[in-house]
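Scroll down for the structure; my scribbles are underneath it.
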Amino acid sequence: MDASRAQDLPSVTVAPFDQHDPAFLADPYPVFAALRARAEVHWHEQMGVAVAVSHASASAVLRHRGLGRLWTDAKPVEEFTGFNLLHRNSLLENEPPTHTRLRRLVAAAFGRGHVERLRPWITDLADRLVDELVAEVRAEGRADLLAHVAAPLPVEVIAELLGVPASDRPLLQPWSNAIVKMYEYGLAPEKRAAAERAASEFVAYLRELVALRRTSPGDDLVSDLVAVTDTDGAKLTEDELVATAVLLLMAGHEATVNVIGNGVNALLAHRDQWERVVADQSLLSTAVEELIRYDSPLQLFERTATERVEIAGFAVEEGQKVAALLGAAARDPLVFADPDVLDVGRTPNAHLGFGMGIHYCLGAPLARIEVQAALSALTRKLPGAVVAAEPRRRAEFVIRGLHELLLGES
């Protein structure tokens, strides 16, 4: 961006925040509040994107039909064949009419009762994982919530949903963790290479699984994705089917693990709110929404302008990128009373954690069931939980989460 253009922007701040600064990553919310007080949209030179920091402007970014998810292949393309294949064919990275066709087919497969079928299984799984956590806490004095519950729960759920054999499930989490690093800004070359290796291995694995389900269908989502047809008889291509399965894993795993990790960390830092849930399990559903709002696992979601668009008076030219800063929108005092206060009974709760508009998260109902099951099991089985050591935060900004959350018992 040239200097004359920068002078025309509503915010004169060239770098409103440093997304690599550990102090910012530890608590970005005061910075977001300061930005909201100055303007609703700011240009971020370092990331090359405008960021919408108010609830209204972030909502406008997510809803505006002049702003879309326009995939641009990672470069050089010959070095990112797997990664680009997954995203080029993804529901998340396409706009109508391709998006409309993909979402209709995927929603039809999802609509065959898979989420409700899995509800009791998820509850039992969460109970078993928390039992293992509690056993280690009582034997060793502390145990890692992420390793025992937050990370394995969504992977097992998505694997069960897709029909991945138990023996292959340990492959999934490392693949997902490596691929999502590509969504960060200024990623090191070795991590980009690791993301491509993971994507290529995942593609190859899923092609084998799809081939198996074509000849031996089961009671799983991959079988239904293979079978589902549109009104005109069209089906998902194999590349689209593979991309859909990978999207479900990455979105489902990364969101859920970080809602559980960030959320329990927040609850234990606000002991009165933890005790409210311990005493009243009817608060679980509102507590889940509040945890998503209070410390969003996905901080930023990009769009690209397909025409000249104005967001809160900020001009986004055709081809330029603008992002909804979900973590900032979630603390907007014009929408949320006392937005920096954690309130597990908060209602209504108009957070944007699952997106908005045509790209609203298809897996939101499943994610809510998983987080609620984990929170229920933890508050029932370890009501005296305490944080046993300073949590280790991940160094990434876009995907906000913890490496480790050690719990003990009071």
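The values are calculated or read from the model by the stated rules, or taken from the named source; none is laboratory data. Only a predicted model underlies this, so the values are computations on that prediction, with no experimental measurement involved. Here the Cβ positions follow ideal geometry from the backbone for every residue, glycine too, while neighbour counts run over all protein chains shown. Quick note on the areas: whole protein, heavy atoms, side chains included, nothing else; ligands and nucleic acids left out. Shrake-Rupley method; radii C 1.70, N 1.55, O 1.52, S 1.80 Å.
Using all C-alpha to C-alpha distances in region 231-363, build P(r) with 10 Å bins and read off the rounded percent in each one.
Final binned percentages: 11, 32, 30, 19, 8, 1.
If you wrap a convex hull around the alpha carbons of region 189-252, what volume per residue comes out, as a whole number of Å³?
On the way: hull volume 6.0 nm³, N = 64.
For region 189-252, the hull spanned by Cα atoms encloses 94 Å³ per residue.
I need the phi-derived Karplus couplings for region 38-50: 6.51 cos²θ - 1.76 cosθ + 1.60, θ = phi - 60°, integer Hz, Gly and Pro marked x.
9, 6, 7, 9, 10, 7, 10, 4, 4, 8, x, 8, 7
Give, as ranges by residue number, the residues of region 187-213 whose backbone N falls under 13 Å from the point 7 Å along Cα→Cβ of LYS235.
210-213
For region 92-148, what % of the accessible area comes from carbon and sulfur atoms, probe 1.4 Å? Present the calculation step by step, with values, prior to reporting the outcome.
Details: 1410 of 2770 Å².
Accessible surface attributable to carbon and sulfur in region 92-148 totals 51 percent.
Ordered by residue, what ³J(HN,Hα) values in Hz, to whole numbers, does region 200-209 give under the Karplus form 6.51 cos²θ - 1.76 cosθ + 1.60, where θ = phi - 60° and Gly and Pro are x?
5, 5, 5, 4, 4, 4, 5, 4, 5, 5
Per Stokes-Einstein, at 4 °C and 1.567 mPa s, what whole-number D in µm² s⁻¹ belongs to region 243-315, with the Kirkwood radius over Cα pairs as the hydrodynamic radius? Before the final figure, lay out the partial values.
Details: Rh = 14.9 Å.
Stokes-Einstein gives a translational diffusion coefficient of 87 µm²/s.
Regarding the chain, what is the average projected area of its C-alpha convex hull, in nm²? Don't skip to the answer; put the middle values down first.
Values: hull surface 80.0 nm².
Orientation-averaged projected area of the Cα hull: 20.0 nm².
Given R₀ = 41 Å, what would the calculated FRET efficiency be for GLU208 paired with VAL77, taking r from the Cβ atoms and rounding to 0.05? Intermediate values should be presented prior to the final figure.
Numbers: r = 25 Å, r/R0 = 0.60.
Once the sixth-power term is evaluated, E becomes 0.95.
Compute the FRET efficiency between ARG271 and LEU70 as 1/(1 + (r/R0)^6), taking r as their Cβ-Cβ distance and R0 = 45 Å, and round to the nearest 0.05. Before the final figure, lay out each step's value.
Working: r = 46 Å, r/R0 = 1.01.
Step by step, r from the Cβ atoms, then E = 0.50.
I need the GluC sites (Glu not before Pro) found in region 245-315, filtered to DSSP loop residues with at most 14 other beta carbons within 10 Å of theirs. Kindly include the intermediate steps, with their values, before the conclusion.
Numbers: sites: GLU254, GLU275, GLU289, GLU290, GLU302, GLU307, GLU310; in loops: GLU307.
Answer by residue number: GLU307.
Taking 0.36 nm per residue of sequence separation and subtracting the Cα-Cα distance, how much length would be gained by fully extending the chain between GLU136 and ASP168, in nm to one decimal? Could you put the intermediate results ahead of the total?
Numbers: separation 32, 0.36 × 32 = 11.52 nm, distance 2.57 nm.
Additional length available on full extension: 9.0 nm.
Could you state how much accessible area ILE179 has, in square angstrom rounded to the nearest 10, with a 1.4 Å probe and all protein chains kept in place?
0 Å²
At 1.4 Å probe radius, can you tell me the per residue accessible area of region 292-410 in Å²? Display every interim value, and only then the final one.
Details: 4350 Å² over 119 residues.
Dividing the accessible area of region 292-410 by its residue count gives 37 Å².
Quick one: accessible area per residue over region 194-242, 1.4 Å probe, rounded to a whole number of Å²?
Working: 2210 Å² over 49 residues.
Computed with neighbouring chains in place, this is 45 Å² per residue.
How big is the dipole moment of region 125-241 about its Cα centre under a simple scheme where the beta carbon of each Lys and Arg is +1, that of each Asp and Glu is -1, and everything else is neutral? Debye, nearest 20, please.
320 debye
About the Cα centre of the chain, what is the dipole size in debye to 20, counting +1 per Lys and Arg Cβ and -1 per Asp and Glu Cβ, all else neutral? Kindly include the intermediate steps, with their values, before the conclusion.
Values: 41 positive and 57 negative charges, 104 e Å.
It works out to roughly 500 debye.
Could you tell me the distance between the Cα centroids of region 343-391 and region 79-112, to the nearest Å?
Cα centroid of region 343-391 versus Cα centroid of region 79-112: 26 Å apart.
If amide hydrogens are placed 1.01 Å from N in the peptide plane, which non-local residues have theirs closer than 5 Å to the one on LEU405?
LEU145, LEU146, ALA147
Quick check: convex hull over the Cα atoms of region 166-318, volume per residue in Å³, rounded to an integer?
Numbers: hull volume 35.2 nm³, N = 153.
Spread over its residues, the Cα hull of region 166-318 gives 230 Å³ apiece.
What value does region 22-134 have for Rg/Rh, both radii from Cα atoms and Rh as Kirkwood defines it?
On the way: Rg = 20.4 Å, Rh = 18.7 Å.
We get a ratio of 1.09 for region 22-134.
Please give the calculated 222 nm ellipticity per residue for the chain, where each DSSP H segment of at least 4 residues contributes -39500 (n - 2.57) and the sum is spread over every residue; nearest 500 deg cm²/dmol?
On the way: 16 runs with 206 residues, N = 410.
Mean residue ellipticity at 222 nm (helix-derived): -16000 deg cm²/dmol.
Pick from THR215, THR304, THR347: which residue has the top mean-square fluctuation in a GNM of the chain where Cα pairs under 10 Å get a spring?
THR215
Tell me whether region 123-225 comes out rounded, prolate or oblate; compute the Cα gyration tensor, take square roots of the eigenvalues as a ≥ b ≥ c, and use a/c under 1.5 as the rounded threshold. Intermediate results must be reported in sequence, preceding the final value.
On the way: a/c = 2.96, a/b = 1.19, b/c = 2.49.
Cα axes put region 123-225 in the oblate bin.
I'd like the distance between the alpha-carbon centres of region 142-218 and region 229-271, rounded to an integer number of Å.
11 Å
Compute the FRET efficiency between GLU317 and ALA279 as 1/(1 + (r/R0)^6), taking r as their Cβ-Cβ distance and R0 = 51 Å, and round to the nearest 0.05. Don't jump to the answer; show the numbers that get you there.
Numbers: r = 53 Å, r/R0 = 1.05.
For R0 = 51 Å, the calculated efficiency reads 0.45.
Go through region 320-326 residue by residue and turn each phi into a ³J(HN,Hα) via Karplus (6.51, -1.76, 1.60, θ = phi - 60°); whole Hz please, and just put x for glycine and proline.
In residue order, the calculated couplings are 7, 9, 9, 10, 7, 8, 4 Hz.
Of ALA199, ALA337, ALA350, which is the most mobile in a GNM of the chain whose springs link Cα atoms less than 10 angstrom apart?
It is ALA337.
Where the accessible area of region 288-410 is counted over protein heavy atoms with a 1.4 Å probe, how much of it, in %, is carbon and sulfur?
Values: 2290 of 4390 Å².
Here carbon and sulfur together make up 52 percent of the probe-accessible area.
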